[in-house]
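Heads up, the thing below is written out as structure tokens.
The values are calculated or read from the model by the stated rules, or taken from the named source; none is laboratory data. The shown structure was predicted, so the numbers you read here are calculated from the model rather than taken from an experiment. Using ideal geometry, Cβ is built from the backbone for each residue, glycine included, and neighbour counts are taken over all protein chains shown. Please note that ligands, DNA and RNA were not included when accessible areas were found on the heavy atoms of the full protein model with its side chains. Shrake-Rupley method; radii C 1.70, N 1.55, O 1.52, S 1.80 Å.
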Amino acid sequence: MSEAIDTPEAVSATDRVAGHSTDLLAKFKPLINEREALLATGVRDPFSIVMEKVLSPTRAIIKGQETILLGTYNYMGMTFDPEVVAAGKKALDDFGSGTTGSRVLNGTYDPHRDCEEALKEFYGTKSAIVFSTGYQANLGVISTLAGKGDYIILDADSHASIYDGCWLGNAEIVRFRHNSVEDLDKRLGRLPREAGKLVVLEGVYSMFGDVAPLPEMVAVAKKHGAMILCDEAHGMGFFGPNGRGVYEEMGCEADIDFVVGTFSKSVGTVGGFCVSNHPDFEVLRLVCRPYVFTASLPPSVVATAATSIRKLMKAGDKRAHLWKNSKRLHQGLRDLGFNIATETAQSAIIAVVLPDQEHAVALWQALLEGGLYVNLARPPATPAGTYLLRCSLCAEHSDEQVGQILGIFEAAGKATGVI
Ligand SMILES: Cc1ncc(COP(=O)(O)O)c(C=O)c1O
């Protein structure tokens with residue numbers, strides 16, 4: 001998610017008035033009109049796909065057709081792992097369908113505690129707190145750590161949940177140019193020495209699939225006395241000898257104060273978390289509003305997460321296969337003539353850059369008709385004017401499937417004039 005939060009074009013006061021009341025939805029008319037014009041050209045709506053049946057982590061039935069999934073963030077392919085599924089079924093039998101309560105009241109069950117233990121084992125940290133989603137983890141942790149009078153220094157291309165966490169906490173927000181160590185240093189240097197400062201980074205940036213130069217950024221943040229939070233949503237499972245993320249791979253474990261992550265990608269379910277070695281970290285359970293004022297995850301969900309996390313600790317072979325797939329797809333798409341957002345494969349996200357929305361939607365639809373699902377990304381999820389078809393690989397994609405994927409891209413690219 002970039003800084004570019006689209007503000008719909010200004011709509012005059014008279015346009016806004018429907019009857020006697022002000023129509024609060026009128027400000028979205030430009031977006032509604034743009035979408036209707038696009039659908040009138042006969043393309044399928046990229047944002048209303050329904051998976052009729054999911055056959056495996058890499059195959060589903062969409063509109064009656066068997067389709068290869070290449071846009072799921074299911075990096076490690078854990079969603080159909082028999083032990084993961086069995087753990088969820090058992091917890092459903094043992095604890096029921098939901099907790100009907102907050103973690104701080106009636107909503108902490110044995111599986112929630114066990115899931116936090118699994119995270120502590122996985123990350124080797126003293127503390128782990130589970131939230132209901134990764135979005136809420138960022139919202140909660142960032143807004144609680146940095147409040148009025150503090151500064152949050154964040155990459156301009158940060159995810160929406162990071163921006164929203166900043167706004168919820170009322171801290172001063174300072175943005176630096178995407179992945180620019182020099183700009184981070186410059187902006188930190190302008191802040192009052194004594195002020196509380198939190199630098200927020202991501203291991204992998206999900207739109208372009210590029211990684212952050214974490215060692216250099218950490219050195220600069222430390223020089224200016226800032227604490228550091230790293231979001232490893234797209235790095236967990238895949239990077240580092242233990243799969244902890246880019247910060248582990250780049251040797252920054254001792255210097256990152258807080259690691260945020262999600263269960264909705266490599267872990268293969270839903271939920272979010274923050275891990276830390278800070279001696280007072282557990283106080284967040286009492287003061288963090290998005291932790292306190294919402295119901296906890298169903299026990300079946302945290303039981304699947306705990307099982308998956310423990311299996312990811314020993315998933316070196318899957319990591320190796322995922323790297324092989326990512327490199328092959330990146331090189332193969334480049335050889336076919338597609339414009340890729342990064343020079344080399346930096347993560348399991350390979351982003352194909354399209355010149356405009358028309359080409360992006362046409363290629364997206366041709367791929368789907370050819371039996372391949374990828375994610376279409378457009379503003380405000382991407383920087384203004386940027387249209388991407390984002391491919392996210394899975395450790396369960398076979399060599400044969402990667403070959404098929406390249407074949408479908410070649411046919412669709414030629415049919416739509418993209419290559
Ligand atoms: C970098 C980053 N942080 C946080 C999240 C939120 O995760 P969740 O899906 O668990 O809310 C995402 C999800 O796309 C993400 O890409």
Legend entry - Calculated FRET value between Lys29 and Glu358, using beta carbons and R₀ = 30 Å, to 0.05: 0.90
Legend entry - Residues listed by number, the range 110-125, amide nitrogen under 15 Å from Asn277 label point at 7 Å toward C-beta: 120-125
Inset, instruction - Compare the Cα positions of Leu284, His397, Gly316 along the charge dipole of the chain (+1 at Cβ of Lys, Arg; -1 at Cβ of Asp, Glu; about the Cα centre) and return the one farthest towards the positive end. - result: Leu284
Inset, instruction - For Lys223 paired with Ala160, estimate the spin-label separation in nm (one decimal), with each label point 7 Å from Cα along the Cα-to-Cβ line. - result: 3.6
Inset, instruction - Rank Gly165, Gly140, Gly403 by mean-square fluctuation in a GNM of the chain with C-alpha springs under 10 angstrom and give only the top-ranked residue. - result: Gly403
Legend entry - Computed magnitude of the charge dipole of the chain (debye, nearest 20; Cβ of K, R +1, Cβ of D, E -1): 240
Inset, instruction - With a cut-off of at most 15 other beta carbons within 10 Å, and DSSP calling the residue loop, which GluC sites (Glu not before Pro) in the range 310-386 qualify? Please list them. - result: Glu343
Inset, instruction - At q = 0.09, 0.10, 0.13, 0.19 Å⁻¹, work out log10 I(q)/I(0) for the range 177-331 with the Debye formula, treating every Cα as an identical point scatterer and leaving solvent out; two decimals please. - result: -0.34, -0.42, -0.70, -1.28
Legend entry - nm² value of the averaged projected area, convex hull over the Cα atoms of the range 216-289: 5.7
Inset, instruction - Please report, as a whole percent, how much of the solvent-accessible surface of the chain comes from carbon and sulfur atoms (probe radius 1.4 Å). - result: 54
Legend entry - Per-pair calculated FRET efficiency, R0 = 41 Å: Ile61 and Ile419 via Cβ, rounded to 0.05: 0.90
Legend entry - DSSP beta bridge pairing in the chain, given as percent antiparallel to the nearest 5: 60
Legend entry - the chain: most fluctuating residue of Glu232, Glu400, Glu216 per GNM, C-alpha cutoff 10 Å: Glu400
Inset, instruction - Kindly flag which residue pairs out of Lys29/Lys148; Lys120/Lys197; Lys29/Lys414; Lys90/Lys314; Lys53/Lys318; Lys126/Lys223 have an alpha-carbon separation exceeding 29 Å in this structure. - result: Lys29/Lys148; Lys29/Lys414
Legend entry - the range 82-312, dipole about Cα centre (Lys/Arg Cβ +1, Asp/Glu Cβ -1), debye to the nearest 20: 380
Inset, instruction - Could you tell me whether the range 25-107 comes out rounded, prolate or oblate from its Cα gyration tensor? Rule is a ≥ b ≥ c as square roots of the eigenvalues, rounded for a/c under 1.5, then prolate if a/b exceeds b/c, otherwise oblate. - result: oblate
Legend entry - Mean accessible surface per residue for the chain, computed with a 1.4 Å probe while every protein chain stays in place, in Å²: 43
Legend entry - Of Ile173, Leu92, Val43, farthest towards positive along the dipole that unit charges on Lys, Arg, Asp, Glu beta carbons give the chain: Leu92
Legend entry - Most fluctuating residue given options Gly189, Gly42, Gly124, as computed from a GNM of the chain linking Cα atoms under 10 Å: Gly42
Legend entry - Isotropically averaged projected area of the chain, using the convex hull of Cα atoms (one quarter of hull area), nm²: 22.3
Inset, instruction - Quick one: work out the % antiparallel among DSSP beta bridges in the range 82-312, nearest 5. - result: 45
Inset, instruction - Provide the gained length on full extension for the span Leu105 to Lys126, in nm with one decimal, where the gain is 0.36 nm per separating residue minus the Cα-Cα distance. - result: 5.3 nm
Legend entry - Rounded, prolate or oblate (a/c below 1.5 giving rounded, otherwise prolate when a/b exceeds b/c) for the range 102-142 by Cα gyration tensor: oblate
